[in-house]
Structure formats: C-alpha cells, structure tokens
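Scroll down for the structure; my scribbles are underneath it.
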Amino acid sequence: MHITILGAGNIGLAAGKKWKDKGHSITFGVRDPESQKAWDARNIGAEVKPFQEAMQGAEVVLIAVPFGVTDEVIKNIQFDWDNVIIIDATNPISASTEPFDSAAEAIAAWTGNGNVVKAFNTTGVGNMLNPIYNGTAIETFICGDDADAKKCVAGLAEDLGFRVMDMGGLQNAVLLENLAKMWVTAAYKLGKGPNFAFTVVQR
C-alpha cells in the first residue's frame with residue numbers, strides 16, 4: 001500500500017519505519033526537504049518530498065503534523081482528498097478545534113473527506129515503537145464513519161503491533177483526544193514518564 005505521511009516527527013517516523021518493514025511504500029511530505037527531520041525520514045529508506053508532491057499516488061494519508069498547522073498544510077495542497085483514506089494522528093493540545101468538537105472533525109471538514117479515521121493519537125512514540133506490555137499488545141483506539149476505511153486502518157494498526165478497539169463514529173474522536181490529554185498529563189506534567197499505557201481488560 002502507498003502511504004503518504006504528512007510530517008516527519010517522532011510519530012510519523014515510527015509509523016513509517018514499521019510500515020516500510022511490513023512492505024508498504026512510504027513517502028513523507030515535509031515543509032523543508034533539507035531539514036534534519038527530512039534526512040531522518042530518508043535514513044529509514046523512505047522517499048521525502050514537499051507536501052504537494054508527496055501526495056502523488058497516495059492511497060492512505062497519515063496526518064502527523066502538529067494540529068496547529070494542519071489547516072494551513074491541508075489548504076496549501078491541491079488534491080482530490082476523496083480518493084484517499086485519511087488517518088488523523090493529531091492532538092489539539094495547545095490549539096483550538098472550534099467550531100468543531102475535535103481535530104478529526106475539523107480535518108474531515110477541511111478536506112471534505114468522509115473517510116477520516118482517528119488513530120494513533122492516544123499514546124507516546126515509545127509505545128508505538130514497542131506496544132507490548134507483559135507479553136500483550138496494548139490497544140490503539142480508532143473511530144470513523146466509514147467501515148471500509150476503519151478496516152484498512154485496523155490492518156495498518158496491526159502492522160504496527162497494536163490491538164485495535166473500534167470506538168464508533170467520528171463524533172467520538174473527542175473522546176480519543178481527551179484520552180491523549182490524560183496520557184500527556186500523566187507522562188509529562190505529573191512525572192510518570194512515557195513508559196506506561198492505557199489498555200483494556202475484559203472478564
């Protein structure tokens with residue numbers, strides 16, 4: 001599968017490397033192709049191009065830029081967004097989503113795409129690189145309105161080593177974004193550190 005990753009930060013790089021190891025074709029879209037982050041992406045064997053050029057041939061687009069610049073990035077790309085599945089991994093930690101309830105709903109509106117799936121936003125990069133705790137994979141929580149898009153993203157999540165918990169429609173993205181805020185608060189504001197994860201246990 002041809003996956004374009006917008007942004008070459010920690011989350012994008014972690015996903016890109018693991019997907020490439022699973023045989024997917026990975027292209028990173030970046031603002032500056034000569035930046036250190038761009039070279040980090042090349043070092044995992046991925047193609048790196050400016051945002052616009054990176055969209056060519058994309059089947060899935062992972063949005064992994066900071067939410068505060070996502071609107072600008074999307075609106076500066078001339079592309080038929082309806083032809084791809086969009087994975088929103090952003091978190092509106094310091095940027096407002098108004099008038100939308102969540103970053104995912106904002107991205108769906110900005111792109112006009114009904115295939116947006118929220119995923120990979122509820123934990124840190126260390127858990128993306130190694131999602132195994134006590135021999136069991138942790139969940140990534142996903143939500144979206146299109147069943148086929150969620151099935152595709154669930155497969156990609158399993159390629160990263162996660163279990164998948166479907167949290168329903170895109171209107172529930174705000175729940176995932178609030179879970180991310182709780183993880184960040186515990187990890188960095190309350191001093192727990194990043195080596196923990198939320199998971200689901202069942203009787």
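By definition, a body whose alpha carbon gyration tensor gives a ≥ b ≥ c is rounded when a/c is under 1.5, and region 1-97 falls into this rounded group. Most fluctuating residue of ILE87, ILE138, ILE77 in a GNM of the chain with Cα springs under 10 Å: which is it? Largest GNM mean-square fluctuation: ILE77.
If you run the Gaussian network model on the chain, springs between alpha carbon atoms under 10 Å, then out of GLY45, GLY193, GLY16 the most flexible one is GLY193. Size estimate for region 135-203 follows the Kirkwood approach: the inverse of mean 1/r over distinct Cα pairs works out to 13.2 Å.
For the chain, the Cβ-based charge dipole about the Cα centre amounts to some 840 debye (Lys, Arg positive; Asp, Glu negative; other atoms uncharged).
Of all the options VAL84, VAL69, VAL125, the one that moves most in a Gaussian network model of the chain with Cα springs shorter than 10 angstrom is VAL69.
Positive end of the dipole of region 147-192 (Cβ unit charges, origin at the Cα centre): among ALA154, ALA173, THR185, the Cα lying farthest that way belongs to THR185.
In sequence order, region 89-97 has phi-based couplings of 9, 7, 9, x, 5, 10, 10, 6, 9 Hz under the Karplus curve 6.51 cos²θ - 1.76 cosθ + 1.60, θ = phi - 60°, and Gly or Pro positions carry x. The Cα atoms of region 52-111 define a convex hull whose projected area, averaged across directions, is 3.8 nm².
Extension gain for the segment LYS22 to TRP110, taken as residue separation times 0.36 nm less the Cα-Cα distance, is 28.6 nm to one decimal. Are any of the pairs LYS151/LYS189; LYS17/LYS181; LYS20/LYS192 more than 27 Å apart by Cα-Cα distance, and if so, which? Table pairs above 27 Å Cα-Cα are LYS151/LYS189; LYS20/LYS192. Distance between the modelled labels on GLU59 and PHE198, one decimal in nanometres: 3.1 nm (7 Å Cα→Cβ projection). Remark on region 120-161: Rg and Dmax equal 11.0, 33 Å (Cα only). Here the 3J(HN,Hα) profile of region 2-18, calculated from phi with Karplus coefficients 6.51, -1.76 and 1.60 at θ = phi - 60°, is 8, 10, 9, 10, 8, x, 10, x, 4, 5, x, 5, 4, 5, x, 5, 5 Hz, Gly and Pro shown as x. The simple spin-label model puts a point 7 Å past each Cα toward its Cβ; for ASP82 and SER96 those points are separated by 3.2 nm. Overall dimensions of region 57-203, expressed as equivalent-ellipsoid semi-axes from the Cα gyration tensor (√(5λ), whole Å, largest first), are 25, 18, 13.
A short reminder: the numbers here are calculations on the coordinates, not readings from a lab. From a predicted model like this one, the values you see are computed outputs, not experimental measurements. Using ideal geometry, Cβ is built from the backbone for each residue, glycine included, and neighbour counts are taken over all protein chains shown.
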